[in-house]
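Undergrad: Below is the structure I would like to discuss, written out as structure tokens.
Throughout, read-outs are computed from the coordinates displayed, never taken from laboratory work. The shown structure was predicted, so the numbers you read here are calculated from the model rather than taken from an experiment. Please note: Cβ atoms are built from the backbone with ideal geometry, for glycine as well, and neighbour counts cover all protein chains shown.
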Amino acid sequence: MPTDIRLLVAMAVLNWLALMLSSTLRHRLWTPGGWIVGAGNRDAVPEPSPVAARADRAAKNMLENLLLFGVTLLSAHAAGVHDDRLLLGTQVFCVGRVAYLPTYVLGVRYLRTLWWAVGVVGMGIVASALL
């Protein structure tokens, strides 16, 4: 399996972890009441803390970007593109997204936007191989 595809799968795992972090923080799963809410229909979910709200937004942003990136990378492979830009762009995307998640959850302004932009640049590098 090509390295860029392995990294795409790793990003899917990271996205799943981001979603689990978001859910854990939002439902306060470390508490008995949190387990009851999390295992139920979630009709009485408490208001999120600022950290939980950031984790939720970060997870959703990760999902949106993973979808766009995955379609771009898999389209390149489906088109038979074999270019060093695929691996480079995937690596840049991964660095940006790995750094983005904790930066956003911790509330580090501006730096999280920089890491988001790094991921977009990685997507652009992969997309350039299709042109």
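Undergrad: Sort out which residues of segment 75-101 are farther than 20 Å from K60 by Cβ, surrounded by fewer than 21 Cβ atoms within 10 Å (Cβ to Cβ) and touching a residue at least 60 places away in the same chain (Cβ under 8 Å), and write them in order of number.
TA: Across segment 75-101, the qualifying residues are H77, L87, Q91.
Undergrad: Could you please give the count of residues in segment 6-61 that are more than 12 Å from the chain's Cα centre (by Cα) and among the acidic types (D, E)?
TA: Residues in segment 6-61 being more than 12 Å from the chain's Cα centre (by Cα) and among the acidic types (D, E): 2 in total.
Undergrad: May I pose another question? Taking into account only those residues within segment 115-131 that are of a type outside the set (A, V, I, L, M), closer than 17 Å to S75 by Cβ and under 17 Å from the mean Cα position of the chain (by Cα), which is surrounded by the fewest Cβ atoms within 10 Å (Cβ to Cβ)? Don't jump to the end; show me each part of the working.
TA: As a first pass, look at segment 115-131 and keep what is of a type outside the set (A, V, I, L, M): 115-116, 119, 122, 124, 128.
Subset that is closer than 17 Å to S75 by Cβ: 122, 124, 128.
Add one more test, that the residue is under 17 Å from the mean Cα position of the chain (by Cα), and what stays is 122, 124.
Values: G122: 24, G124: 14.
It comes out as G124.
Undergrad: Looking at E64, E47, which is the one that is closer than 26 Å to A10 by Cβ and charged (D, E, K, R)?
TA: Of E64, E47, the one residue that is closer than 26 Å to A10 by Cβ and charged (D, E, K, R) is E64.
Undergrad: What number of residues within segment 40-61 are in contact (Cβ under 8 Å) with a residue 40 or more places away in the chain and of a type outside the set (K, R)?
TA: Applying the first criterion (in contact (Cβ under 8 Å) with a residue 40 or more places away in the chain) to segment 40-61 yields 50-51, 54-55, 57-59, 61.
Filter once more, so that each one left must be of a type outside the set (K, R): 50-51, 55, 58-59, 61.
Qualifying residue count for the region: 6.
Undergrad: Would you mind finding the one in W30, W16 that is among the aromatic types (F, W, Y) and loosely packed, with under 12 Cβ neighbours inside 10 Å? Can you show your working first?
TA: Details: W16 fails: loosely packed, with under 12 Cβ neighbours inside 10 Å.
Being among the aromatic types (F, W, Y) and loosely packed, with under 12 Cβ neighbours inside 10 Å holds for just one of W30, W16, which is W30.
Undergrad: What are the residues in segment 2-28 that are in a loop (DSSP other than H, G, I, E, B) and either touching a residue at least 40 places away in the same chain (Cβ under 8 Å) or at negative phi (or both), if any? Step through it out loud before you land on a result.
TA: Of the residues in segment 2-28, the ones in a loop (DSSP other than H, G, I, E, B) are 2, 28.
Of everything in segment 2-28, just one residue is in a loop (DSSP other than H, G, I, E, B) and either touching a residue at least 40 places away in the same chain (Cβ under 8 Å) or at negative phi (or both), namely P2.
Undergrad: Is it true that R26 is touching a Phe, Trp or Tyr at 6+ places or on another chain (Cβ under 7 Å) and of a type in the set (K, R)? Please lay out each step first, then the result.
TA: Working: touching a Phe, Trp or Tyr at 6+ places or on another chain (Cβ under 7 Å): no; of a type in the set (K, R): yes.
Here the answer is no, as R26 does not meet what is asked.
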